[in-house]
Amino acid sequence: MAKFSGKAKEFMKEVVDHLRQLAKETDKVKRSEHFKRFLITMARFWKYSYHNQMLIMHQMPEATRVAGFRKWRQMGRHVLKGSKAIRILAPRFKKVMEIDDGGALVEKEEVVYFVPVPVFDQSQTEGVPLPDVTITVEGDSNRGILESLIAFCESKKIKVNFKNLRINGLYGYSKGGQIAVTSTESVNTQVNTLIHEIAHELLHKGSILSTQRKEIQAEGVAYVVGQHFGMVTKSFNYLAIYHANYKKIMENLKAIARASKEVIGWLEERIVVQEA
Ligand SMILES: [Zn+2]
């Protein structure tokens, strides 16, 4: 018993150290000029409807960031000659007169029809580089860990599917007993993503926490587990995008420690078995 509690204390210290590091890095990202520019650029990209996302994916499965001809110009890039446009549907409005609650006649806009409009993917443009804040990591060195994580999910009756999620700007998602992971990124990105989604599964079933807190907890676990096994992560970028900060990250220590312990415990057992 004494030995175990000593170990638990040691583990807690490790989690605290990692989280402090993560919290510091996140604050640093948020202070950088590069990150501020990134936020401004991202705000310029239109959020496409589900229907338009499907149209884009159908015409160009590898598309990432899509915008119209003029929008690209505004961002200092131009569409390459001979590029085949992706067609999406844009609403056209008509001005109508309506009587409001107070009885006054007011002018309103109403969608009357949709017209196909051409847009282009970032890969079809050149010019000023867009500020990028990456949350992916390169390399396929953690394949063994990926397999162990999939086995962990099996033991918990969680289904894992690998899918092309590019156009949604997603690398993974979880929805109670089901996890989807990107099929188009490196194995090491898949490992980070899978740990993140496992954390959602372990901690957030039926949870009423805010999205921000859930994301801090899930990415906190991805970071702690990643650090424990010496993996590279971009968790600080991810948490900066979610407007996390030092205080908000440290407030979630307990939940992060709980899920990290479970995942690390499982992986360590598996790795010992593999070495034997
Ligand atoms: Zn998440």
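Readers should treat all values here as calculations from the given coordinates under stated rules, not as data from a laboratory. These figures come from a predicted structure and were not determined experimentally. All Cβ positions, even for glycine, are placed from backbone atoms using ideal geometry, and neighbour counts span all protein chains on display.
Points to keep in mind about this one:
- With 0.36 nm allotted per residue and the present C-alpha distance subtracted, the residue 28-residue 134 stretch has 36.7 nm of extension available.
- Considering all different alpha carbon pairs of segment 50-208, the Kirkwood hydrodynamic radius works out to 19.2 Å.
- Note on the chain: Cα-Cα pairs beyond 29 Å make up 45% of the total pair count.
- Net +/- balance of residues flanking residue 116 in space, Cβ distance below 12 Å, scoring K and R +1, D and E -1: +2
- As a proxy for reagent exposure, 120, 114 were ordered by neighbouring Cβ count within 10 angstrom, fewest first; the result is 114, 120.
- Paramagnetic label zone (point 7 Å from Cα along Cα-to-C-beta, residue 164; backbone N under 18 Å) in segment 79-93: 84-88
- Percent RCO, i.e. relative contact order, over the chain, from Cα pairs under 8 Å lying at least 6 residues apart: 21 percent
- Summed over qualifying helices (DSSP H, 4 residues or more, each -39500 (n - 2.57)) and divided by its residue number, the chain shows a 222 nm mean residue ellipticity of -16500 deg cm²/dmol.
- For segment 45-125, the square roots of the Cα gyration tensor eigenvalues, ordered a ≥ b ≥ c, give a/c of at least 1.5 with a/b greater than b/c, which places it in the prolate category.
- Relative contact order of segment 98-253: 19 percent, from C-alpha pairs under 8 Å at least 6 residues apart in sequence.
- Total formal charge among the other residues, if their Cβ is under 12 angstrom from that of residue 252, Lys/Arg +1 and Asp/Glu -1: +3
- Degrees, to the nearest 10: 143-155 long Cα axis against longest axis of the chain: 90 degrees
- Shape of segment 145-265, Cα gyration tensor, a/c cut at 1.5: rounded
- Rounded to the nearest 10 degrees, the angle from helix 2-31 to the longest Cα principal axis of the chain is 30 degrees.
- Among the listed pairs 30/159; 47/94; 36/108; 24/214; 36/175; 156/248, those whose Cα-Cα separation exceeds 27 Å are 30/159; 36/108; 36/175; 156/248.
- Of the GluC sites (Glu not before Pro) found in segment 193-270, the ones in coil according to DSSP and having at most 16 other Cβ atoms within 10 Å of their Cβ are 251.
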